[in-house]
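Read-outs: derived from the displayed coordinates by stated rules, not from any lab. Predicted model only: the values in this text are computed from it and were never measured. Cβ sites come from the backbone with ideal geometry, for glycine too, and all protein chains shown count toward neighbours.
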Amino acid sequence: MKHSFKVYLSFIALTIFLISCSKERYIDEPGNLVPKTVDQDSSLPSISVNGALLHSEAFGPEDSTLIVCIHGGPGGDYRYMLNCKTLATKGYRVVFYDQRGAGLSQRFPMSWYKAQNPDGINKFFYDELRGVIRHYKIHPSQKVILLGQSWGAILATGYAGKYPDEIDGLIVAEPGGLKWDDVKEYVGNSRSFKLWSEALNDATYLDQFISGKEDQHEILDYKSSLIGSTNEIVGDVGSDLGSNASRYASSRSGAVVNAAAFELGEDEKPDFSSGIQNFSTKVLFIYSSNNKAYPDSWAAKIALVYPNKEIFKAQGVGHSGMVDQVNFWTTTMEPKIISYIHSL
Amino acid sequence: MKAITLKSILIISLSFFQNKMYAQFINWENISNKHKHLLHVNIAGEYGITAGLGYYHLIPVKRFPFWIGGECSIPFGNRLVDDFKVKIGTQIRIVAFNHFQFSARLQGLSRRYQNQLVRLFNFGCDFAGTLGYYRHHWFLGVEAGFDKAIVTNFKHSDWYKRNIYANVKDGWYEPATGGNFYYGLHTGYSMKKVDFTIRAARVLQQDFKSQPLFPFYGQAGVNFRF
């Protein structure tokens, strides 16, 4: 018994000694657990829009039709949409940007978002998209097509309804909902909250290991990445970008902007379909077969508000699969999008 | 709604059902040299839904009796052994006045978390104080404590490096990576060799403002004394 006790004590002492000898490493230091943002790493491509440094890049001829890719979240990033950059080889100018506070774009404290109320969504999502378009649009007759996925599709719809004369085409891939109640219902349906599920403890058990204050972006973004990168319900299996992947494997969630957007949504109860009845150009509405939270009936309900539309069901992929699975993109989605653009 | 809306939804959903379990489940009025062993089983809400098993041995020092032992718990899920927590430590009665008693608990702990992206292994400590009113057949008390994640080892999967961040730095992270305060109530009904216990408390992160996704804890347990 005494011998066992000594062995146990020795093990603890050795462990403490080894840990105390190691170099201190902080979980909130940029670059340790999550990649640095554009304001922390000047080698990343960026543009300045409305007082924020945004991670952004564009491919293809500068004066050709703009296709602006708008990522999901709020708080996601554009990396999973990079398959779309093959459109540049077909003669289009393909634009990617991470929204303010998301991806590798500059972070802002929660207080900044709260200070934008009322009308915060208008101020920091619509105005930002407008700024991005203005940055890349080099002549007045240059056409602009929005390609949004998930939250990006919601934002694109809202923008087209708000500025119908500024947009020449609209491609929306699985907007969860356009009216606030539909948004909340979809989000609830797309996540599992079974008390006994692995998904639940994967999300909640983490909190005893890592905790972060309201504006400790590195910690909050890291935790957000850990709990939201795959989702069996919506059929997401992780991006397959093939050779379209960027030279740097860096993806980062924007936890604060995500929380802020939902708080703003609860306050404002936005209707992102407002004004879309004035957008008479045909809309390409895409949804997937593998998203259990997005059945045919839900797609029909959400698509109802678009006055002129073509509905396309992406077979064999999930919520993001229409853009983040390289094989599906190459064989099905890219030809479909090119065909849609030619039809305008 | 891609990816990270989960936290937002969990915050909304779990605001209505939140809990956690800790180890102070002893009816100090019933300790006896005849029953120096205590086996405890429980089901709890503690950063998830968990099942726990513990054993404590009584050291009957006259004015300051204390229990030493340990406990382990695992959350439910498809993969039972990827997450767990083990605690080893002591619970000691410090003050007794009539039926009021004040006790303290100090435990070292290690815990593990794993999902598709990362494996975390952590050493920490958990200490708490409890003031309670103890009778032979029942007890009621309040407690407050702090659970600190002192040092944590991160080991990321190839999936994380391929899809999220290629240059992530694995290894031991210190100083402390997290900590949560908790405060709440515990109560129980005692029979000759068995206690039925219930606990409930609120959990706050160490900045006293933020809260975990599961910001409460609850526990139903049974003690067997022998």
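Some observations on this one:
- For chain A, modelled as a GNM whose springs connect Cα atoms under 10 angstrom apart, the maximal fluctuation among A:L264, A:L226, A:L53 occurs at A:L226.
- Here region A:171-237 is described by how far its Cα atoms reach on the three principal axes: 38, 30, 24 Å, from widest to narrowest.
- For chain B, the relative contact order works out to 21 percent when only alpha carbon pairs closer than 8 Å and six or more residues apart are counted.
- Stretched out straight at 0.36 nm per residue, the stretch from A:D39 to A:R247 would grow longer than its current Cα-Cα span by 73.0 nm.
- Averaged over the residues of A:214-221, the number of partner chain Cβ atoms lying within 10 Å of the residue Cβ comes to 1.
- Comparing A:S274, A:S105, A:S253 in a Gaussian network model of chain A where C-alpha atoms under 10 Å apart are linked, the largest mean-square fluctuation is found at A:S274.
- Considering only alpha-carbon pairs that sit under 8 angstrom and 6 or more positions apart, the relative contact order computed for chain A is 20 percent.
- Two numbers describe the Cα atoms of the protein assembly as shown: Rg and Dmax, which are 27.1, 92 Å.
- Chain A: most fluctuating residue of A:G318, A:G31, A:G73 per GNM, C-alpha cutoff 10 Å: A:G31
- Between helix A:151-162 and chain A: long-axis angle, C-alpha atoms, 0 to 90°, nearest 10: 40 degrees
- P(r) tail for region B:5-219: Cα pairs beyond 23 Å make up 49% of the total.
- Over all directions, the projected convex hull of the C-alpha atoms in region A:140-257 averages 10.6 nm² in area.
- Between A:T281 and B:I198, the modelled label-to-label distance comes to 6.2 nm, taking each label 7 Å out from Cα in the direction of the beta carbon.
- The residues neighbouring B:N122, those whose beta-carbon lies less than 13 Å from its own, together hold a net charge of +2 under the Lys/Arg +1, Asp/Glu -1 convention.
- Rounded to the nearest 0.05, the FRET efficiency derived from the C-beta distance between A:S274 and A:E214 at R0 = 22 Å is 0.10.
- Extent along principal axes [Cα atoms of region A:42-343; Å; largest to smallest]: 54, 41, 40
- Percent RCO, i.e. relative contact order, over region A:171-281, from Cα pairs under 8 Å lying at least 6 residues apart: 33 percent
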